[in-house]
Every structure is written in structure tokens, then in C-alpha cells.
Amino acid sequence: MTKITPEITQTQQEKSLENLLATGQLVDLFSRSISYLRVSLTDQCNLRCIYCTPREIGEKLPCGELLSYEELLRVINLAVQLGIRKVRLTGGEPLVRRDIISFIRRLAAIPGLDDIRLTTNGVMLTRYAADLFAAGIRKLNISLDTLKKERFARITGVDLFDQVWQGIRLVQEMGFSPVKLNMVALRGINDDELLDFARLSRTHGLQVRFIEFMPIGDGTIWGEERYISSEEIRERISVLGELVAAQTARLDGPARIYRFKEDGEAGGSVGFISPISHKFCDQCNRLRLTSEGRLRSCLLSDKETDLKSILRAGGSDDEVKKALVQTILDKPKSHTLFEKEGSCHGQMSRIGG
Ligand code: SAM
């Protein structure tokens, strides 16, 4: 009998697959309930961040290689039937995909899908904020790694800081909530701005989240000397005041959320996402769909299921559901990035950051 892991046999896997298809509750082999699907809508991005986009820019995926909106809606619908409740649209930059607003409207009509979120670099928010709001999106993650105009141009390759900042202010005024600002801390590149970012939680009511730099994709500027642990960031920003765990802490996925004590529960917060220093794999509730239509159960492992081939070979709904469930059953107990067999050569924009 084939051993899947030291503890789990082939027969147990098959039993689990049947059970999961029958129950409408997605629980993996390590008792993690999987309810969250992250979808990369496109590998394309209007920024070329030095730590995310490979220096040798790969060929853009031909349009036909991306899942069509029809295909995406079908997959998401089936995933929701199986127990997925939350979907995040990401990329690449999701807002560069044509007709995204009508796609979101159709997505919002899927019965049982309670929560649709978007991750964006903010460049197109001034153009799309009203349409996104009208389509039902309220929860936004905006990536921003510097508050300095010239540095923004150096990191991203384009001089659009003012436009992004205007977009952030606009969505706050319009009532999107929460608006989370995600900053990847990079030693020697933007770590002199940690305090400025932390202050935004006070001055602008933003939920600022510091993300540890991860070794993802080939040909970016990854190097251990660039990595800064959450612990170090926390220590550095604590000169602004005592940090206390926020009451909402447990509601925010992998982020550990704090507030400055003297600010009370009002206003913004600072959070730490620490995939390297504090693996949160035991709480991971995510499944990913890459822009090429591959299912991935772990951001940091290159193992994927080719869902697009199943869809395009005329796969039935049951076959698609089986592929979704099997991918969940294959979800590793934890990422093995720093162990011998671990790797993540996939490009962040295709996987969906
Ligand atoms: N274009 C959208 C955006 O900018 O938010 C969505 C895609 S982007 C790949 C998603 C997030 O991944 C961004 O916050 C980006 O900073 C983060 N990211 C990219 N490469 C990373 C890495 N090596 N380590 C940590 N975060 C990374």
C-alpha cells in the first residue's frame, strides 16, 4: 500500500475524498477546515517590483492560458458548493484584467459566497473604487512598500506613488472597511520607514501589516540579508508606544494584530505576518487557484493540480469537485521551504500573492 505520509495511507485518503464530497465541509487530513480560496486573475501587473517580478521578465501568458471568467465562475461555484466561503481576488494585479467589474458582479451572485475581497497595488483604485463598491466589495488589501515618492519609483519601476496614495485616501473616505495596508519589510531598502508605516495606524486609522520577505520565485532580489523578522520589526516600532494584542486578533487569519495601548481599541492597528519566523501552517485554511488554472494547496510548495486541463477536456462537475478535494487532501502539514525538498520557484504573480 502506498504511503502518502508516514501516518496516512492510500485507503484513508480515498475514504476522506468520498467523505468530503458527501459532507459539504472541507477538512484536510490534519483537521484544518479549508474555507478560503485565493484566485490569481492574471499574471500581469502594472508594477515591476524588484522583490516580486523576476528581473528577467518572463513571457506574458498568452490570453488563452488564463482561465476565462466563465471557467472561473464555474470553479468558484463548485468550490462554494463544497464549503468555500471566502474568495480573494489577486494576481498579478487583478484590476488590470479586462471587465473585472462585471466578473465581480457575477461572482457576488453565487449563493453561499459570503465574502469577496481584493488585493491590489492601488494604482487603479481612483478609477475603479466606485465600481468596486457598487459591485459589493468592501474589504481591500493594498500593497505599499514605501511612503517616499522617489523610492516608490525605484522599487516598482513607475512613478505612481501619488496616484496610489490618492486611491488609498479615496477608498477610506468611501467607507471600504477594513482597508489593510501591506508592507513587505526589506532590509536596506525600506526598513528606515517602519516607524512611518506604524504611525499610519494612528494618523490615518489604517490596518498596517508588516509582511516578512519570503524566498519566492527565481530571479528576484531575495537574499537572507534583506529579510527582517517580525520580532525585529515589532521591537523597532515599539519605540512609538506599548503594543497590546488587539481584541480582533483571532479574526484576522495569520496576522498577529496589535494596537498601541494609549490609542485603545479605536482607530487602526499594526499586524505582523510571519510565514518565516512563525509558521502559521497549522491554521492555514487556504487553497489557491493560479492564473494558469492550477490548484495549489500551499503558497510555498510547487506541487499543483492542473485544473485547466480537466475543465478543457470537458470534465464534469464531479470531476472538478474531486480535483478540488484531492488537492485539499494533498495539502502538506506545513511548508518545507528551508528543508531539503522544499522549494517555491513559481512566480508570485502567477500563484497569486
Ligand atoms: N498586485 C497585487 C498587489 O500588489 O497587492 C496583488 C499581487 S502581489 C503579488 C500580492 C502581495 O504579495 C503584495 O503585497 C506583495 O508585496 C507580496 N509579495 C510579493 N513577493 C513577495 C515576497 N517574496 N515576500 C513577501 N511578500 C511578497
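Summary of values
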{"quantity": "Using a Förster distance of 22 Å, the FRET efficiency for SER31-ASP114 (Cβ separation, nearest 0.05)", "calculated": "0.45"}
{"quantity": "Those lysines that a straight Cα-Cα span of less than 19 Å connects to LYS60, excepting residues fewer than 8 apart in one chain", "calculated": "LYS308"}
{"quantity": "Candidates LEU300, LEU206, LEU160: whichever shows maximal mean-square fluctuation once the chain is modelled as a Gaussian network with Cα springs under 10 Å", "calculated": "LEU160"}
{"quantity": "Simple Cβ-charge dipole of region 150-253, Lys/Arg +1 and Asp/Glu -1, about Cα centre, in debye nearest 20", "calculated": "360"}
{"quantity": "Surface/4 of the Cα convex hull for the chain, nm²", "calculated": "17.7"}
{"quantity": "Computed lengthening from ASP131 to ILE101, 0.36 nm per intervening residue step minus Cα-Cα distance", "calculated": "10.1 nm"}
{"quantity": "Residues whose placed amide H lies under 5 Å from that of ILE228, excluding near-sequence neighbours", "calculated": "ARG187, PHE213"}
{"quantity": "Aspartates and glutamates with Cα under 17 Å of LYS139, excluding same-chain neighbours fewer than 8 positions away", "calculated": "GLU93, ASP114, ASP115, ASP131, GLU173, ASP252"}
{"quantity": "Per-residue ³J(HN,Hα) for region 263-270, Karplus 6.51 cos²θ - 1.76 cosθ + 1.60, θ = phi - 60°, Hz, x for Gly and Pro", "calculated": "8, x, 8, 7, x, x, 8, 10"}
{"quantity": "Gain upon complete extension [GLN172, ASP282; 0.36 nm per residue less C-alpha separation]", "calculated": "36.3 nm"}
{"quantity": "About the Cα centre, charge dipole magnitude for the chain (Lys/Arg +1, Asp/Glu -1 at Cβ), debye", "calculated": "560"}
{"quantity": "Exposure proxy ranking, count of Cβ atoms within 10 Å, fewest first, for HIS204, HIS335", "calculated": "HIS204, HIS335"}
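Every number in this text was worked out from the coordinates using simple rules, so none of it is lab data. Small disclaimer: the values here were computed from a predicted structure and weren't measured. Note that each Cβ is placed from the backbone with ideal geometry, even for glycine, and that neighbours are counted across all protein chains shown.
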